[in-house]
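One structure follows; several queries about it will come next.
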Amino acid sequence: MSEPTLEVSKSNGRAYVSFRERMKADPRWHDWRWQMSHRIVTLAQLEPWVNLTVDEKRAVSFSEGRFRMAIPPYWADLVDPNDPACPIRRQTIPTMDELKSSVHDLADPLGEEQDTVAPGVVHRYPDRILFLVNDVCAMYCRYCTRKRIVGGGYGVLRGDEFQQAMDYIRRNKKIRDVLISGGDPLTMSDERLEQIISTLRAIDHVEFIRLGTRYPVTLPQRVTPELCAMLKKYHPLWMSIHFNHPKEVTPEVHRACGRLADAGIPLGSQTVLLRGINDKPTIMMKLMHELLKIRVRPYYIYQCDLVPGSEHFRTPISTGIKIIEALRGHTTGYAVPTFVIDAPGGGGKIPLMPDYVISKSRKGILLKNYEGKVYFYPERASSEITNGALPLEMKLPQKAARR
Ligand SMILES: *Cc1c(COP(=O)(O)O)cnc(C)c1O
Ligand code: SF4
């Protein structure tokens, strides 16, 4: 849990702290349904929580009727009331930058519409599908890739749409992996979610089911013992959880992930690289360490998609590569996710790596390790080379020599 009392120095800060303390004293604080029905969605509701800037106040008013704002009280409590640069605040409270458009903006940055083959079903890769079951999340991330649908009031797939989606999956025997996402599938009741998962589980060729969610982070109270008991009936079931900053890993989140892991659900993380929020190697390293401590395996870091109004969040592509370079070798291998660009227009996820290969030839490969030291590994066929010794023509390769 954040410690607002320690962070607040301004005299007006005390008002925010005492307001938060009063809210947290309500026993219903721990009930996710109470949290959902008390989400902060208007400027007037937000003002007692945060000392808003003029820019934020204008942007919050504008966001009504555009990409909406919604903040569970639990998450609002993590927002620093007095620091407009707070990483939680920047993900959550709109600024006027969001209304700016860029030449690169794409309403549907990943070309999901063109790959939609049945209601909610995005079929891009041969053996797996993305199944978008609803459009409601606990908190709306200001950079959301699916702004075009998320929070738009479409709700959940209707019964007939759901049947069409299931028919498609049943007919396509190549689909062995279904990733249930949205919106956020954990917005649904345990019963509704169980209907979907059990219907999928009854299809023989569906070997592997995944849930993509942010609830364990933005509203960890959602992860009840009842939810975990339901999910564990449908193994193998995995979960990808959207985490962006070490500040998000609170004792509540720790408990929620512990429950999921104890239910035998392997947990992975997905992180969006965001300017001014998590674009420093030290912050990412700390996040990855916090994740390992709560049994979440870092999976992907995403380059920020070309969503309208997200230009202020986007980093140079080199930032992500430098972060991977700062992690690989310097810390636990399990703490190193894959940095990917989800290709605009629907090319799928493409990994980007630091360049560890200095040169390749028939004789072998010249490599650089995490410290920048150079090593040679011979190809098996080139028997004239003794292992470890550099062949003459590779002794001073141009790239390495220039370093
Ligand atoms: C991300 C994604 C998947 C899953 O990809 P993995 O690399 O297997 O995690 C599947 N389908 C679509 C359309 C996706 O965007
Ligand atoms: S949780 Fe995911 S789908 Fe929901 S607003 Fe955030 S990024 Fe978008």
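The values are calculated or read from the model by the stated rules, or taken from the named source; none is laboratory data. All values reported here derive from a predicted model rather than from experimental measurement. Here the Cβ positions follow ideal geometry from the backbone for every residue, glycine too, while neighbour counts run over all protein chains shown. In case anyone asks, the SASA skips ligands and DNA or RNA and just uses the protein heavy atoms, side chains included. Shrake-Rupley method; radii C 1.70, N 1.55, O 1.52, S 1.80 Å.
State all residues of region 103-144 that are open to solvent by less than 20 Å² (accessible area, probe 1.4 Å), more than 9 Å from ligand 1 (Cβ to nearest atom) and within 16 Å of SER310 (Cβ to Cβ); if no residue qualifies, say none.
Across region 103-144, the qualifying residues are PRO109, TYR140, CYS141, ARG142, TYR143.
Filter region 238-269 down to the residues that are open to solvent by 10 Å² or more (accessible area, probe 1.4 Å) and of a type in the set (D, E, K, R), then identify the one that is nearest to PRO220 (Cα to Cα).
Checking each candidate, the answer is GLU252.
Output the residues belonging to region 304-331 that are among the hydroxyl-bearing types (Ser, Thr, Tyr) and in contact (Cβ under 8 Å) with a residue 12 or more places away in the chain.
The answer is SER310, THR315, THR319, THR331.
Let me ask something additional. Among the residues of region 160-191, which ones are part of a helix (DSSP H, G or I), in contact with a helix residue (DSSP H, G or I) (Cβ under 9 Å, 6 or more places away or on another chain) and away from ligand 1 (no atom under 16 Å from the Cβ)? Steps first, please.
Of all residues in region 160-191, those part of a helix (DSSP H, G or I) come to 160-171, 185-187, 190-191.
Still in the running and in contact with a helix residue (DSSP H, G or I) (Cβ under 9 Å, 6 or more places away or on another chain): 162, 166, 169, 185-187, 190-191.
If the condition is that a residue be part of a helix (DSSP H, G or I), in contact with a helix residue (DSSP H, G or I) (Cβ under 9 Å, 6 or more places away or on another chain) and away from ligand 1 (no atom under 16 Å from the Cβ), then PHE162, MET166, LEU186, THR187, ASP190, GLU191 are the ones that fit.
Right, next: Do you know which residues across region 310-358 are open to solvent by 30 Å² or more (accessible area, probe 1.4 Å), among the hydroxyl-bearing types (Ser, Thr, Tyr) and touching a Leu at 6+ places or on another chain (Cβ under 7 Å)?
THR332, TYR334, TYR356
Hey, another quick one. Can you tell which of LEU186, LEU227 is under 24 Å from ARG142 (Cβ atoms) and either touching a Gly at 6+ places or on another chain (Cβ under 8 Å) or modelled with pLDDT of 95 or more (or both)? Don't jump to the end; show me each part of the working.
Working: LEU227 fails: under 24 Å from ARG142 (Cβ atoms).
The match here is LEU186.
Return the only residue of THR338, THR331, THR315, THR319 being touching a strand residue (DSSP E or B) at 6+ places or on another chain (Cβ under 7 Å), closer than 21 Å to GLN270 by Cβ and of a type outside the set (Phe, Trp, Tyr).
Answer to the check: THR338.
From the list LEU306, LEU291, which residue is part of a loop (DSSP other than H, G, I, E, B), crowded, with 19+ Cβ neighbours inside 10 Å and in the same structural domain as LYS247 (by TED's automatic domain parsing)?
None of the others qualify; the one that does is LEU306.
Moving on. Tell me yes or no: at least one residue of region 270-282 is assigned by TED's automatic domain parsing to the domain that holds PHE339, under 18 Å from PRO220 (Cβ atoms) and either free of Cβ contacts under 8 Å to residues at least 60 places away in the same chain or within 16 Å of ligand 2 (Cβ to nearest atom) (or both). Even if it seems obvious, please write down each step before you answer.
Here is the first cut: in region 270-282, the ones assigned by TED's automatic domain parsing to the domain that holds PHE339 are 270-282.
After this cut, where a residue has to be under 18 Å from PRO220 (Cβ atoms) as well, the list is 270-271.
So of that shortlist, the ones also either free of Cβ contacts under 8 Å to residues at least 60 places away in the same chain or within 16 Å of ligand 2 (Cβ to nearest atom) (or both) come out as 270-271.
Within region 270-282 (the criterion being assigned by TED's automatic domain parsing to the domain that holds PHE339, under 18 Å from PRO220 (Cβ atoms) and either free of Cβ contacts under 8 Å to residues at least 60 places away in the same chain or within 16 Å of ligand 2 (Cβ to nearest atom) (or both)), the answer is yes, since at least one residue qualifies.
Another one. Looking only at region 145-159, how many residues end up being within 16 Å of ligand 1 (Cβ to nearest atom) and either of a type in the set (Lys, Arg) or crowded, with 23+ Cβ neighbours inside 10 Å (or both)?
Summing the residues that are within 16 Å of ligand 1 (Cβ to nearest atom) and either of a type in the set (Lys, Arg) or crowded, with 23+ Cβ neighbours inside 10 Å (or both) in region 145-159 gives 3.
Given the conditions (1) of a type in the set (A, V, I, L, M, F, W, C); (2) closer than 30 Å to ALA107 by Cβ; (3) open to solvent by 30 Å² or more (accessible area, probe 1.4 Å), which single one is not true for LEU367?
(2)
Can we say THR315 is among the β-branched types (Val, Ile, Thr) and more than 21 Å from PRO87 (Cβ to Cβ)?
Values: among the β-branched types (Val, Ile, Thr): yes; more than 21 Å from PRO87 (Cβ to Cβ): no.
Considered against the rule, which asks whether it is among the β-branched types (Val, Ile, Thr) and more than 21 Å from PRO87 (Cβ to Cβ), THR315 comes out as no.
If the requirement is being surrounded by fewer than 19 Cβ atoms within 10 Å (Cβ to Cβ) and assigned to a loop (DSSP other than H, G, I, E, B), which of these qualifies: ARG297, ARG275? Show your work before the answer.
Values: ARG297 fails: assigned to a loop (DSSP other than H, G, I, E, B).
Step by step, each of ARG297, ARG275 is checked, and only ARG275 is surrounded by fewer than 19 Cβ atoms within 10 Å (Cβ to Cβ) and assigned to a loop (DSSP other than H, G, I, E, B).
I'm told THR92 meets every condition in (1) within 15 Å of ligand 1 (Cβ to nearest atom); (2) outside the structural domain of GLN195 (by TED's automatic domain parsing); (3) open to solvent by less than 20 Å² (accessible area, probe 1.4 Å) except one. Can you identify the failing condition by its number?
For THR92, the failing item is (1).
Would you call GLU207 within 16 Å of ligand 1 (Cβ to nearest atom), without any contact (Cβ under 8 Å) to a residue 40 or more places away in the chain, open to solvent by 60 Å² or more (accessible area, probe 1.4 Å) and out of contact with any Pro (no Cβ under 7 Å at 6 or more places or on another chain)?
yes
Cβ-Cβ under 9 Å, sequence separation 6+ or interchain: first residue in region 176-187 and within 14 Å of LYS147 (Cα to Cα) and open to solvent by less than 10 Å² (accessible area, probe 1.4 Å), partner assigned to a helix (DSSP H, G or I) and at pLDDT 95 or above. Which pairs?
The qualifying pairs are ASP184/TYR215; ASP184/THR218.
Anything in region 311-339 that is touching a Lys or Arg at 6+ places or on another chain (Cβ under 8 Å) and over 19 Å from MET285 (Cβ atoms)? List them, or say none.
Hits for region 311-339 are GLU311, HIS312, PHE313, ARG314.
Right, next: Suppose we filter region 226-243 for residues that are among the acidic types (Asp, Glu) and assigned to a loop (DSSP other than H, G, I, E, B); how many remain?
Of the residues in that region, 0 qualify.
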